[in-house]
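To keep things clear, I will list the structure first and then write my remarks on it.
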Amino acid sequence: MAFFKLLARNRLALLGLIVIGIVVLLAVITPLLPLADPDVTDTPNRFKPPFSSGAILGTDHLGRDLLSRLMWGTRLSLAMGFAAAVIAAALGSAIGIIAGYFGGRTDNLIMRGVDMLMAFPYILLALAIVAALGPGLMNALIAVAAVNVPFFARNIRGITVGIAHKEFVDAARLAGMRDRQIIVSEVLPNVAPVIVIAMSTTVGWMILETAGLSFLGLGSQPPQADLGSMLGEARAALITNPHTSVVPGAMILIIVMGINLLGDGIRDALDPRLKSGALSRPMAATQVDRKDPVPAATNSLLDIAALRTEFRVRGRVYKAVGGVDLHVEKGECLGIIGESGSGKSATALSVMGLVASPPGVITHGAVHFDGADLIGAPYKILRSLRGRRVAYIFQDPLATLHPLYRVGDQLIEAIQAHEQVSKPAARARAIDLLKSVRIPNAENRIDSFPYEMSGGMRQRVGIAMALANGPDVIIADEPTTALDVTVQAQILSVLSDLRRDRGLAIIFITHDFGVVGQLCDRVAVMYAGRIVEEGPTDAVLSAPQHPYTSRLIDCVPTLGGGQRKLAAIPGRPPMVDRLPEGCAFADRCDKARDACRAGDIALVATDAGRKTRCLFPENMERARA
Ligand code: ADP
Ligand code: MG
């Protein structure tokens, strides 16, 4: 069902489907239609023009009714094309799966044979096969199917090789399944979509190829009509009576175009990577759909006010960020902490309009940087700020660094994106940057590829790249989550030195209270897209007021803290497309009362510089004392 919906969204594919549907339907019901006999000649009435009485499309050089011949010819051509495609796909896929699955010598033997077939231009090969077998419909079909077998074999082998070494195949083998079972139950379902895709994109060729053979007189034999032989017979009268060639020619064009449009649509709809809406390229900046008045600017360096960001996916609205207020000053480090999925990344990416749209939309609020609102700012302005004033460090440096370029070249590119500097000067700057993030032997390391570096080194390169244009704010989205603790400690000390030396403001996103405690002046705790508690790090850590915060802190083991039961938080965070009324944490909170579920709960100031979104905050006495 989802497949048809996706297909229907692709206008061209839908057009192809309709065209092919009509053609196939007509071909199927041809025997039932009141048509003249396609093979009866009537020489006195030869070359009647279209729209003559008794022959709507006219007659050919033997006086045969063109409409009737067209319908029967289309029927035959379609049948031949589809039959050839099915045969080629079945044989080719079987060969490909066997070669790819068994590998080694089997693979070598089979694939060298296939290579030999592929070495011939395929029309020549088809001609040679028909020449050997003798002209005729069946032989043309065999020839066309045979020349297309290698195409399927190669494609499917490639996919199978990838699958044959996957863990689930190993698991099936360990479970004692036989090769045949594994091929049928594990490999085939994975390659089936590829086979369908390859078929849908090649049926068009095969119709053309069979028509080509018939055109040369090697396929269907007179008086039987197929589109190719009709064209071939009309060749002699091309100038004097063009309608005899235009009629079959136009039908070939319609069929092949229709099939190709439909085939492309099927390919896109079946590709799992394109299902999530990735078919549409994300826009350069997040889409903005703000109706309410924009909050006023404040004096903070970066001020996020009442920000709401949603993802609109197939009729569902995921409120990833549900009204977040945050600010950060020069030289300050703000931590954002929360479980995975609480909206930390969506908040951070909204700042520079980096949330992918579609499906992301910013619906409310403002992000003031240096007094100017960035939400909905022209792309030119965003581009000039991205990296130069506000830079990002992401979680996985292996994914963010380009694998094929040396890290130095990537750093130089980052520098030159905003400044006109000569390459040698940029290179010198890049070396300085690498030194500033304490990469030893920077002069040589600059020429390394990302895969030649360790995780910690790569993340330092990521930080160096963020520093390349001397930004005022660095937004670090879980920069140490992929690293081990010792490397994490080094990265944190690099960041904290940079902050001191350069007066950088840092927004540090993490799910680790230990990290926040080391680095951040203030911390904001996020839950289900909203801030539930905010305040100076020490105060929040020593006397958390929101039950969620204290539960999070309880999850952190302390070294030398003696034996203590680590309390996991029961339940799961709510889905952001159907948030509960009232407090989103109520269902997991042991202190929840009816009032908690009654209505929206505000983030209220509790103590000096602290805010909590809870009706019954904890640790209030201790905080006051
Ligand atoms: P965090 O960074 O805190 O782990 P995110 O900001 O990445 O969380 O995600 C916040 C919420 O938005 C999650 O509930 C997630 O399911 C949802 N979300 C993120 N990206 C998409 C998307 N492309 N489509 C739909 N929902 C999304
Ligand atoms: Mg994230």
Practice prompt. Given the conditions (1) over 18 Å from S245 (Cβ atoms); (2) open to solvent by 70 Å² or more (accessible area, probe 1.4 Å); (3) without any contact (Cβ under 8 Å) to a residue 24 or more places away in the chain, report the number of the one that I56 does not fulfil.
Written response: (1)
Worksheet item: What is the number of the single condition among (1) of a type outside the set (F, W, Y); (2) crowded, with 21+ Cβ neighbours inside 10 Å; (3) touching a Ser or Thr at 6+ places or on another chain (Cβ under 7 Å) that A13 does not meet?
Response: (3)
Practice prompt. Please go through segment 142-164 and pick out each residue that is surrounded by fewer than 24 Cβ atoms within 10 Å (Cβ to Cβ) and closer than 18 Å to G81 by Cβ.
Written response: I142, A146, V149, F151
Worksheet item: Just for segment 289-317: of the residues that are outside any loop (DSSP other than H, G, I, E, B) and at pLDDT below 90, which one is nearest to ligand 1 (Cβ to nearest atom)?
Response: V313
Discussion item. Condition (residue is closer than 24 Å to V184 by Cα and of a type in the set (S, T, N, Q)) applied to segment 94-115: is it met by at least one residue?
Written reply: yes
Fill in: segment 169-217, residues that are touching a helix residue (DSSP H, G or I) at 6+ places or on another chain (Cβ under 8 Å) and not in a helix (DSSP H, G or I)
M177, L216, G217
Worksheet, complete the sentence: Within segment 104-124, residues being modelled with pLDDT under 90 and in a helix (DSSP H, G or I) number 5
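Here is a yes/no grid of residues against (1) modelled with pLDDT of 90 or more; (2) under 21 Å from M138 (Cβ atoms); (3) open to solvent by less than 10 Å² (accessible area, probe 1.4 Å):
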{"residue": "L208", "(1), (2), (3)": "yes, yes, no"}
{"residue": "G212", "(1), (2), (3)": "yes, yes, no"}
{"residue": "P222", "(1), (2), (3)": "no, yes, no"}
{"residue": "A236", "(1), (2), (3)": "no, no, no"}
{"residue": "T244", "(1), (2), (3)": "yes, no, yes"}
{"residue": "I254", "(1), (2), (3)": "yes, no, no"}
{"residue": "G258", "(1), (2), (3)": "yes, no, yes"}
{"residue": "R267", "(1), (2), (3)": "no, no, no"}
Item to complete: State all residues of segment 519-540 that are surrounded by fewer than 18 Cβ atoms within 10 Å (Cβ to Cβ) and either in contact with a helix residue (DSSP H, G or I) (Cβ under 9 Å, 6 or more places away or on another chain) or in a helix (DSSP H, G or I) (or both); if no residue qualifies, say none.
Response: D521, D538
Item to complete: Tell me, yes or no, whether segment 330-338 has at least one residue that is in contact with a His (Cβ under 8 Å, 6 or more places away or on another chain), within 16 Å of ligand 2 (Cβ to nearest atom) and under 11 Å from M526 (Cβ atoms).
Response: yes
Item to complete: Evaluate segment 367-379: report whether one residue or more is more than 16 Å from ligand 1 (Cβ to nearest atom) and more than 17 Å from A296 (Cα to Cα).
Response: yes
Discussion item. Looking at segment 22-47 only, could you name the residues that are touching a helix residue (DSSP H, G or I) at 6+ places or on another chain (Cβ under 9 Å) and of a type outside the set (A, V, I, L, M, F, W, C)?
Written reply: T30, P31, D37, P38, D39
Response to the item:
Scanning segment 305-322 for residues that are of a type in the set (A, V, I, L, M, F, W, C) and either away from ligand 2 (no atom under 16 Å from the Cβ) or open to solvent by less than 50 Å² (accessible area, probe 1.4 Å) (or both) gives A305, A306, L307, V313, V317, A320, V321
Practice prompt. Scan segment 462-472 for residues that are more than 16 Å from ligand 2 (Cβ to nearest atom) and of a type outside the set (D, E) and jot them down.
Written response: I463, A464, M465, A466, L467, A468, N469, G470, P471
Worksheet, complete the sentence: Output for Cβ contacts, cut-off 7 Å, separation at least six or different chains, first residue without any contact (Cβ under 8 Å) to a residue 40 or more places away in the chain in segment 335-359, second within 9 Å of ligand 2 (Cβ to nearest atom), reads none
Discussion item. Of everything in segment 323-367, what is of a type outside the set (G, A, S), part of a strand (DSSP E or B) and open to solvent by 10 Å² or more (accessible area, probe 1.4 Å)? Give them in sequence order.
Written reply: D325, H327, T363, H364
Worksheet, complete the sentence: Scanning segment 568-583 for residues that are over 16 Å from A598 (Cα atoms), open to solvent by less than 30 Å² (accessible area, probe 1.4 Å) and out of contact with any strand residue (DSSP E or B) (no Cβ under 7 Å at 6 or more places or on another chain) gives I569
Worksheet item: How many residues, within segment 473-526, are closer than 25 Å to A605 by Cα, within 14 Å of ligand 2 (Cβ to nearest atom) and among the aliphatic types (A, V, I, L, M)?
Response: 3
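The values are calculated or read from the model by the stated rules, or taken from the named source; none is laboratory data. Just so it is clear, the model here is predicted, and its values are computed rather than measured. Positions of Cβ are backbone-derived with ideal geometry, glycine not excepted, and every protein chain shown enters the neighbour counts. Surface accessibility is based on the protein's heavy atoms, side chains included, excluding ligands, DNA and RNA. Shrake-Rupley method; radii C 1.70, N 1.55, O 1.52, S 1.80 Å.
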